[in-house]
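The values are calculated or read from the model by the stated rules, or taken from the named source; none is laboratory data. Computed from a predicted structure; not experimentally measured. Please note: Cβ atoms are built from the backbone with ideal geometry, for glycine as well, and neighbour counts cover all protein chains shown.
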Amino acid sequence: MNTPTVLVTGATGTVGAALVPALRARGVDVRAMTRGRAVPGAANVVADLRDPESVAEALEGVDAAFLNSPSAEDAAALQIRFADLARDAGVGRLVVLSQYAARADSPVRFLRWHAEVEAHVGGLGLDHTVLRPNLYMQGLLAFAPAIAQGRFAAPIGEAAVSLVDTRDIADAAAAVLTGAGHAGRTYTLTGPRAVTHGQIAQALTAATGRDIAFHEATPERFAASLAGMLPPWQLEGLVEDYAHYARGEAAEVHTSVADLTGRPARDIADFARDHTAAFAAADGHAS
Ligand SMILES: NC(=O)c1ccc[n+]([C@@H]2O[C@H](COP(=O)([O-])OP(=O)(O)OC[C@H]3O[C@@H](n4cnc5c(N)ncnc54)[C@H](OP(=O)(O)O)[C@@H]3O)[C@@H](O)[C@H]2O)c1
(Lines give C-alpha, C1' and ligand atoms only; values in the text may rest on other atoms or scores of the structure.)
Protein backbone atom coordinates (compact mmCIF):
# COMPACT_ATOMS: atom_id res chain seq x y z
CA MET A 1 0.00 0.00 0.00
CA ASN A 2 1.23 3.52 -0.84
CA THR A 3 2.09 5.85 2.02
CA PRO A 4 -0.81 8.29 2.40
CA THR A 5 -0.22 11.98 1.65
CA VAL A 6 -1.67 14.59 4.00
CA LEU A 7 -1.92 18.24 2.94
CA VAL A 8 -1.46 20.74 5.80
CA THR A 9 -2.75 24.27 5.24
CA GLY A 10 -1.45 27.01 7.52
CA ALA A 11 1.70 24.89 7.79
CA THR A 12 3.78 27.84 9.05
CA GLY A 13 1.13 28.73 11.66
CA THR A 14 0.70 27.99 15.35
CA VAL A 15 -0.95 24.59 14.93
CA GLY A 16 0.36 23.72 11.46
CA ALA A 17 4.03 24.03 12.43
CA ALA A 18 3.49 21.45 15.18
CA LEU A 19 1.25 19.27 13.02
CA VAL A 20 3.90 18.67 10.34
CA PRO A 21 6.31 16.79 12.68
CA ALA A 22 3.39 15.06 14.45
CA LEU A 23 2.24 13.63 11.12
CA ARG A 24 5.78 12.70 10.11
CA ALA A 25 6.06 10.77 13.37
CA ARG A 26 2.99 8.80 12.30
CA GLY A 27 4.73 7.79 9.06
CA VAL A 28 2.67 9.67 6.48
CA ASP A 29 3.95 11.87 3.65
CA VAL A 30 3.27 15.49 4.50
CA ARG A 31 2.64 18.17 1.89
CA ALA A 32 2.95 21.58 3.55
CA MET A 33 0.88 24.27 1.83
CA THR A 34 2.49 27.68 2.24
CA ARG A 35 2.52 31.06 0.56
CA GLY A 36 6.30 30.85 0.24
CA ARG A 37 7.93 30.37 3.64
CA ALA A 38 9.70 26.99 3.65
CA VAL A 39 8.56 24.30 6.08
CA PRO A 40 11.25 21.77 7.00
CA GLY A 41 10.50 18.04 7.15
CA ALA A 42 7.80 18.07 4.46
CA ALA A 43 7.26 18.44 0.74
CA ASN A 44 6.36 22.10 0.20
CA VAL A 45 3.70 23.35 -2.18
CA VAL A 46 3.09 27.05 -2.73
CA ALA A 47 -0.61 27.99 -2.79
CA ASP A 48 -2.85 30.77 -1.53
CA LEU A 49 -6.43 30.27 -0.31
CA ARG A 50 -7.33 33.35 -2.36
CA ASP A 51 -6.05 31.65 -5.53
CA PRO A 52 -8.28 28.61 -6.26
CA GLU A 53 -6.11 27.33 -9.12
CA SER A 54 -3.10 27.08 -6.84
CA VAL A 55 -5.23 25.30 -4.20
CA ALA A 56 -6.57 22.80 -6.75
CA GLU A 57 -2.99 21.99 -7.76
CA ALA A 58 -1.92 21.62 -4.13
CA LEU A 59 -4.79 19.15 -3.56
CA GLU A 60 -3.87 16.83 -6.45
CA GLY A 61 -3.23 13.29 -5.26
CA VAL A 62 -3.86 14.10 -1.59
CA ASP A 63 -5.47 11.46 0.65
CA ALA A 64 -6.36 13.74 3.57
CA ALA A 65 -6.28 17.49 4.20
CA PHE A 66 -6.10 19.70 7.30
CA LEU A 67 -7.90 23.01 6.84
CA ASN A 68 -6.78 25.97 8.92
CA SER A 69 -6.56 29.65 8.10
CA PRO A 70 -6.30 32.84 10.11
CA SER A 71 -9.34 34.89 10.92
CA ALA A 72 -10.22 37.28 8.13
CA GLU A 73 -13.42 38.98 7.06
CA ASP A 74 -13.77 36.46 4.22
CA ALA A 75 -12.36 33.45 6.08
CA ALA A 76 -15.62 31.48 5.83
CA ALA A 77 -15.79 31.93 2.05
CA LEU A 78 -12.12 30.97 1.65
CA GLN A 79 -12.50 27.84 3.78
CA ILE A 80 -15.75 26.84 2.05
CA ARG A 81 -14.07 27.14 -1.34
CA PHE A 82 -11.13 25.06 -0.12
CA ALA A 83 -13.55 22.35 1.08
CA ASP A 84 -15.33 22.33 -2.29
CA LEU A 85 -12.00 22.00 -4.10
CA ALA A 86 -11.00 19.15 -1.76
CA ARG A 87 -14.21 17.31 -2.61
CA ASP A 88 -13.66 17.94 -6.34
CA ALA A 89 -10.09 16.61 -6.04
CA GLY A 90 -11.36 13.39 -4.46
CA VAL A 91 -9.64 13.99 -1.12
CA GLY A 92 -10.61 11.11 1.14
CA ARG A 93 -10.75 12.98 4.44
CA LEU A 94 -11.01 16.61 5.52
CA VAL A 95 -10.18 17.76 9.06
CA VAL A 96 -11.35 21.30 9.80
CA LEU A 97 -9.92 23.47 12.56
CA SER A 98 -12.88 25.35 14.03
CA GLN A 99 -13.26 26.88 17.51
CA TYR A 100 -14.78 25.98 20.89
CA ALA A 101 -18.50 26.89 20.98
CA ALA A 102 -18.82 27.57 17.23
CA ARG A 103 -22.49 28.47 16.72
CA ALA A 104 -24.43 30.13 13.91
CA ASP A 105 -26.20 32.50 16.34
CA SER A 106 -23.16 33.34 18.49
CA PRO A 107 -22.51 37.01 19.29
CA VAL A 108 -18.83 36.25 18.52
CA ARG A 109 -18.08 36.73 14.80
CA PHE A 110 -15.31 34.09 14.78
CA LEU A 111 -17.72 31.50 16.17
CA ARG A 112 -20.35 32.38 13.55
CA TRP A 113 -17.99 32.00 10.60
CA HIS A 114 -16.59 28.74 11.95
CA ALA A 115 -20.17 27.44 12.31
CA GLU A 116 -20.88 28.41 8.69
CA VAL A 117 -17.86 26.41 7.51
CA GLU A 118 -18.79 23.43 9.69
CA ALA A 119 -22.33 23.39 8.26
CA HIS A 120 -21.07 23.56 4.69
CA VAL A 121 -18.47 20.83 5.15
CA GLY A 122 -21.11 18.65 6.84
CA GLY A 123 -23.19 18.79 3.66
CA LEU A 124 -20.45 17.82 1.21
CA GLY A 125 -20.73 14.08 1.65
CA LEU A 126 -17.03 13.91 2.44
CA ASP A 127 -15.38 11.98 5.29
CA HIS A 128 -14.78 14.91 7.61
CA THR A 129 -13.98 15.74 11.23
CA VAL A 130 -14.25 19.05 13.08
CA LEU A 131 -11.81 20.10 15.79
CA ARG A 132 -12.98 22.86 18.11
CA PRO A 133 -10.07 24.05 20.22
CA ASN A 134 -10.53 26.50 23.07
CA LEU A 135 -8.30 29.56 23.62
CA TYR A 136 -4.67 28.76 22.76
CA MET A 137 -2.12 28.82 25.60
CA GLN A 138 0.37 29.95 22.95
CA GLY A 139 -1.69 33.14 22.60
CA LEU A 140 0.06 34.23 25.83
CA LEU A 141 3.28 34.53 23.81
CA ALA A 142 1.78 37.64 22.18
CA PHE A 143 1.80 39.18 25.69
CA ALA A 144 5.41 38.10 26.35
CA PRO A 145 6.90 41.64 26.33
CA ALA A 146 4.38 42.76 28.99
CA ILE A 147 4.75 39.51 30.95
CA ALA A 148 8.54 39.98 30.88
CA GLN A 149 7.85 43.32 32.64
CA GLY A 150 5.84 41.47 35.29
CA ARG A 151 2.23 42.11 34.27
CA PHE A 152 -0.39 41.41 31.65
CA ALA A 153 -3.99 42.47 31.25
CA ALA A 154 -7.19 41.34 29.56
CA PRO A 155 -10.96 41.99 29.95
CA ILE A 156 -11.86 38.65 31.51
CA GLY A 157 -12.33 39.15 35.26
CA GLU A 158 -12.38 35.99 37.37
CA ALA A 159 -13.76 33.77 34.61
CA ALA A 160 -11.99 30.47 34.08
CA VAL A 161 -11.13 29.18 30.60
CA SER A 162 -10.09 25.61 29.73
CA LEU A 163 -7.38 26.86 27.40
CA VAL A 164 -5.41 24.34 25.35
CA ASP A 165 -1.80 23.94 24.22
CA THR A 166 -1.47 24.09 20.42
CA ARG A 167 0.95 21.14 20.54
CA ASP A 168 -1.97 19.09 21.83
CA ILE A 169 -4.23 20.37 19.06
CA ALA A 170 -1.60 19.27 16.54
CA ASP A 171 -1.25 15.82 18.12
CA ALA A 172 -5.02 15.39 18.20
CA ALA A 173 -5.26 16.49 14.55
CA ALA A 174 -2.52 14.03 13.56
CA ALA A 175 -4.44 11.23 15.27
CA VAL A 176 -7.66 12.14 13.46
CA LEU A 177 -5.94 12.56 10.07
CA THR A 178 -4.29 9.14 10.28
CA GLY A 179 -6.67 7.04 12.41
CA ALA A 180 -10.03 5.39 11.86
CA GLY A 181 -13.47 6.07 13.33
CA HIS A 182 -13.52 9.87 13.27
CA ALA A 183 -15.78 10.52 10.25
CA GLY A 184 -18.64 12.88 11.07
CA ARG A 185 -17.31 13.57 14.58
CA THR A 186 -16.76 16.95 16.26
CA TYR A 187 -14.13 17.08 19.00
CA THR A 188 -13.88 19.96 21.45
CA LEU A 189 -10.23 20.33 22.46
CA THR A 190 -9.41 21.79 25.87
CA GLY A 191 -6.72 21.64 28.49
CA PRO A 192 -7.10 19.42 31.57
CA ARG A 193 -8.69 22.18 33.70
CA ALA A 194 -10.20 25.63 33.44
CA VAL A 195 -8.03 28.41 34.88
CA THR A 196 -8.51 32.09 35.60
CA HIS A 197 -6.00 34.59 34.26
CA GLY A 198 -4.92 35.05 37.90
CA GLN A 199 -4.04 31.35 37.97
CA ILE A 200 -2.20 31.73 34.66
CA ALA A 201 -0.14 34.49 36.30
CA GLN A 202 0.63 32.12 39.19
CA ALA A 203 1.78 29.41 36.76
CA LEU A 204 4.02 31.90 34.96
CA THR A 205 5.40 33.11 38.29
CA ALA A 206 6.15 29.56 39.42
CA ALA A 207 7.86 28.68 36.12
CA THR A 208 9.97 31.82 35.77
CA GLY A 209 10.68 32.48 39.45
CA ARG A 210 9.64 36.09 38.92
CA ASP A 211 6.54 37.95 40.10
CA ILE A 212 4.01 38.14 37.28
CA ALA A 213 0.64 39.70 37.98
CA PHE A 214 -2.60 39.73 36.06
CA HIS A 215 -4.61 42.96 35.93
CA GLU A 216 -8.13 43.38 34.69
CA ALA A 217 -8.41 45.66 31.63
CA THR A 218 -11.56 47.24 30.28
CA PRO A 219 -12.41 46.08 26.74
CA GLU A 220 -11.59 49.62 25.57
CA ARG A 221 -8.10 49.63 27.14
CA PHE A 222 -7.45 46.10 25.86
CA ALA A 223 -8.40 47.12 22.33
CA ALA A 224 -6.32 50.31 22.59
CA SER A 225 -3.24 48.30 23.66
CA LEU A 226 -3.53 46.15 20.52
CA ALA A 227 -4.52 48.88 18.07
CA GLY A 228 -2.15 48.96 15.12
CA MET A 229 -1.11 45.34 15.71
CA LEU A 230 -4.37 43.87 14.37
CA PRO A 231 -6.83 45.09 11.73
CA PRO A 232 -10.01 46.62 13.21
CA TRP A 233 -12.21 43.64 12.21
CA GLN A 234 -9.94 41.20 14.03
CA LEU A 235 -9.56 43.47 17.04
CA GLU A 236 -13.34 43.79 17.40
CA GLY A 237 -13.61 40.01 17.08
CA LEU A 238 -11.00 39.52 19.79
CA VAL A 239 -12.95 41.80 22.15
CA GLU A 240 -16.08 39.70 21.41
CA ASP A 241 -14.04 36.57 22.13
CA TYR A 242 -12.96 37.94 25.54
CA ALA A 243 -16.52 38.98 26.41
CA HIS A 244 -17.51 35.35 25.73
CA TYR A 245 -14.69 34.11 28.00
CA ALA A 246 -15.64 36.66 30.68
CA ARG A 247 -19.22 35.34 30.69
CA GLY A 248 -17.78 31.96 31.73
CA GLU A 249 -18.81 30.34 28.44
CA ALA A 250 -15.47 28.65 27.73
CA ALA A 251 -14.82 26.74 30.94
CA GLU A 252 -15.94 23.22 30.12
CA VAL A 253 -13.23 20.56 30.25
CA HIS A 254 -13.35 17.84 27.59
CA THR A 255 -11.26 14.68 27.45
CA SER A 256 -10.80 14.64 23.64
CA VAL A 257 -7.06 15.41 23.70
CA ALA A 258 -6.36 12.45 25.97
CA ASP A 259 -8.88 10.26 24.17
CA LEU A 260 -7.29 10.95 20.77
CA THR A 261 -3.61 11.02 21.72
CA GLY A 262 -3.53 8.47 24.53
CA ARG A 263 -1.88 10.89 26.99
CA PRO A 264 -3.10 13.75 29.19
CA ALA A 265 -3.53 17.24 27.77
CA ARG A 266 -0.81 19.69 28.79
CA ASP A 267 -1.61 21.89 31.78
CA ILE A 268 -0.92 25.63 31.91
CA ALA A 269 1.96 24.77 34.29
CA ASP A 270 3.52 22.59 31.56
CA PHE A 271 3.12 25.37 29.00
CA ALA A 272 4.68 27.93 31.37
CA ARG A 273 7.65 25.65 32.15
CA ASP A 274 8.28 24.97 28.45
CA HIS A 275 8.24 28.66 27.53
CA THR A 276 10.21 30.33 30.33
CA ALA A 277 12.75 31.70 27.82
CA ALA A 278 9.99 33.55 25.95
CA PHE A 279 8.83 35.15 29.21
CA ALA A 280 12.33 36.06 30.42
CA ALA A 281 12.72 39.64 31.60
CA ALA A 282 13.53 42.20 28.94
CA ASP A 283 16.71 43.11 30.86
CA GLY A 284 18.05 39.66 30.09
CA HIS A 285 17.18 38.13 33.51
CA ALA A 286 16.84 34.51 32.44
CA SER A 287 14.32 32.24 34.10
N1 LIG B 1 -5.84 31.84 18.74
C2 LIG B 1 -6.69 31.13 19.47
O3 LIG B 1 -6.72 31.15 20.70
C4 LIG B 1 -7.67 30.25 18.71
C5 LIG B 1 -8.52 29.40 19.45
C6 LIG B 1 -9.39 28.55 18.75
C7 LIG B 1 -9.41 28.58 17.37
N8 LIG B 1 -8.58 29.42 16.70
C9 LIG B 1 -8.63 29.42 15.23
O10 LIG B 1 -7.36 29.06 14.73
C11 LIG B 1 -7.25 29.51 13.39
C12 LIG B 1 -5.85 29.97 13.15
O13 LIG B 1 -5.62 31.13 13.84
P14 LIG B 1 -4.16 31.67 14.13
O15 LIG B 1 -4.34 33.13 14.33
O16 LIG B 1 -3.52 30.87 15.21
O17 LIG B 1 -3.39 31.50 12.78
P18 LIG B 1 -2.15 30.52 12.42
O19 LIG B 1 -2.66 29.16 12.18
O20 LIG B 1 -1.00 30.71 13.34
O21 LIG B 1 -1.55 31.14 11.12
C22 LIG B 1 -2.22 31.25 9.95
C23 LIG B 1 -1.57 30.36 8.86
O24 LIG B 1 -2.36 30.58 7.70
C25 LIG B 1 -1.50 30.90 6.63
N26 LIG B 1 -2.18 31.82 5.73
C27 LIG B 1 -2.49 33.10 5.96
N28 LIG B 1 -3.15 33.61 4.90
C29 LIG B 1 -3.23 32.62 3.98
C30 LIG B 1 -3.76 32.53 2.67
N31 LIG B 1 -4.37 33.57 2.07
N32 LIG B 1 -3.65 31.36 2.00
C33 LIG B 1 -3.04 30.29 2.57
N34 LIG B 1 -2.52 30.32 3.81
C35 LIG B 1 -2.61 31.48 4.50
C36 LIG B 1 -0.24 31.48 7.22
O37 LIG B 1 0.81 31.21 6.34
P38 LIG B 1 1.91 32.25 5.79
O39 LIG B 1 1.60 33.60 6.38
O40 LIG B 1 3.23 31.68 6.20
O41 LIG B 1 1.74 32.21 4.32
C42 LIG B 1 -0.13 30.70 8.53
O43 LIG B 1 0.55 29.47 8.29
C44 LIG B 1 -8.41 30.51 13.17
O45 LIG B 1 -9.41 29.90 12.44
C46 LIG B 1 -8.89 30.77 14.61
O47 LIG B 1 -10.26 31.10 14.65
C48 LIG B 1 -7.71 30.24 17.32
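Annotation note: of VAL62, VAL45, VAL55, VAL20, the sole residue that is assigned to a strand (DSSP E or B) and modelled with pLDDT of 95 or more is VAL45.
Residue pairs whose Cβ atoms lie under 7 Å apart, sitting 6 or more positions apart in sequence or on different chains, and linking a residue in the stretch 57-69 that is surrounded by fewer than 18 Cβ atoms within 10 Å (Cβ to Cβ) to a partner that is assigned to a strand (DSSP E or B), are GLY61/THR5.
Take the conditions (1) touching a residue at least 24 places away in the same chain (Cβ under 8 Å); (2) surrounded by fewer than 17 Cβ atoms within 10 Å (Cβ to Cβ); (3) near the ligand (Cβ under 9 Å from one of its atoms); ARG87 misses just one of them, which is (3).
Among the residues of the stretch 156-183, which ones are more than 15 Å from the ligand (Cβ to nearest atom), farther than 15 Å from VAL253 by Cβ and in a loop (DSSP other than H, G, I, E, B)? The answer is GLY157, GLU158, GLY179, ALA180, GLY181, HIS182, ALA183. Restricting attention to the stretch 1-17 and to residues that are touching a Leu at 6+ places or on another chain (Cβ under 7 Å) and assigned to a strand (DSSP E or B), the residue that is surrounded by the fewest Cβ atoms within 10 Å (Cβ to Cβ) turns out to be VAL6. Residues in the stretch 100-112 include at least one that is on the phi < 0 side of the Ramachandran plot, in contact with a His (Cβ under 8 Å, 6 or more places away or on another chain) and outside any loop (DSSP other than H, G, I, E, B).
Looking at ARG26, ARG31 in this structure, which one is basic (Lys, Arg), crowded, with 22+ Cβ neighbours inside 10 Å and either under 20 Å from the mean Cα position of the chain (by Cα) or modelled with pLDDT of 95 or more (or both)?
The unique qualifying residue is ARG31.
Residues of the stretch 123-132 include none that is over 22 Å from VAL30 (Cα atoms), within 11 Å of the ligand (Cβ to nearest atom) and at pLDDT below 95.
Residues that are under 30 Å from GLY181 (Cβ atoms) and either under 17 Å from the mean Cα position of the chain (by Cα) or not basic (Lys, Arg) (or both): list the helices (runs of 4 or more DSSP H) wholly contained in the stretch 209-287 that include at least 2 such residues. Spell out how you get there, then give the answer.
On the way: elements: 219-226, 232-246, 256-261, 268-274.
Where helices (runs of 4 or more DSSP H) fall fully within the stretch 209-287 and carry at least 2 residues being under 30 Å from GLY181 (Cβ atoms) and either under 17 Å from the mean Cα position of the chain (by Cα) or not basic (Lys, Arg) (or both), they are 256-261, 268-274.
The residue pairs whose first member lies in the stretch 28-42 and is farther than 15 Å from ALA18 by Cα and in a loop (DSSP other than H, G, I, E, B), whose second member is near the ligand (Cβ under 7 Å from one of its atoms) and small (Gly, Ala, Ser), and whose beta carbons are closer than 8 Å, counting only pairs six or more residues apart or on different chains, are ARG35/ALA47. The numbered conditions (1) farther than 29 Å from LEU7 by Cβ; (2) modelled with pLDDT of 95 or more; (3) in contact with a Phe, Trp or Tyr (Cβ under 8 Å, 6 or more places away or on another chain) are all true for GLN199 except (3). Of all residues in the stretch 57-84, those that are within 12 Å of the ligand (Cβ to nearest atom) and touching a Lys or Arg at 6+ places or on another chain (Cβ under 6 Å) total 0. Just a yes or no: is a residue in the stretch 242-257 surrounded by 14 or more Cβ atoms within 10 Å (Cβ to Cβ), touching a His at 6+ places or on another chain (Cβ under 9 Å) and hydrophobic (A, V, I, L, M, F, W, C)? Yes, because at least one residue in the stretch 242-257 is surrounded by 14 or more Cβ atoms within 10 Å (Cβ to Cβ), touching a His at 6+ places or on another chain (Cβ under 9 Å) and hydrophobic (A, V, I, L, M, F, W, C). Here is a check on your reading of the model: is LEU111 closer than 22 Å to THR14 by Cα, touching a residue at least 12 places away in the same chain (Cβ under 8 Å), crowded, with 18+ Cβ neighbours inside 10 Å and more than 12 Å from the ligand (Cβ to nearest atom)? In short, no.
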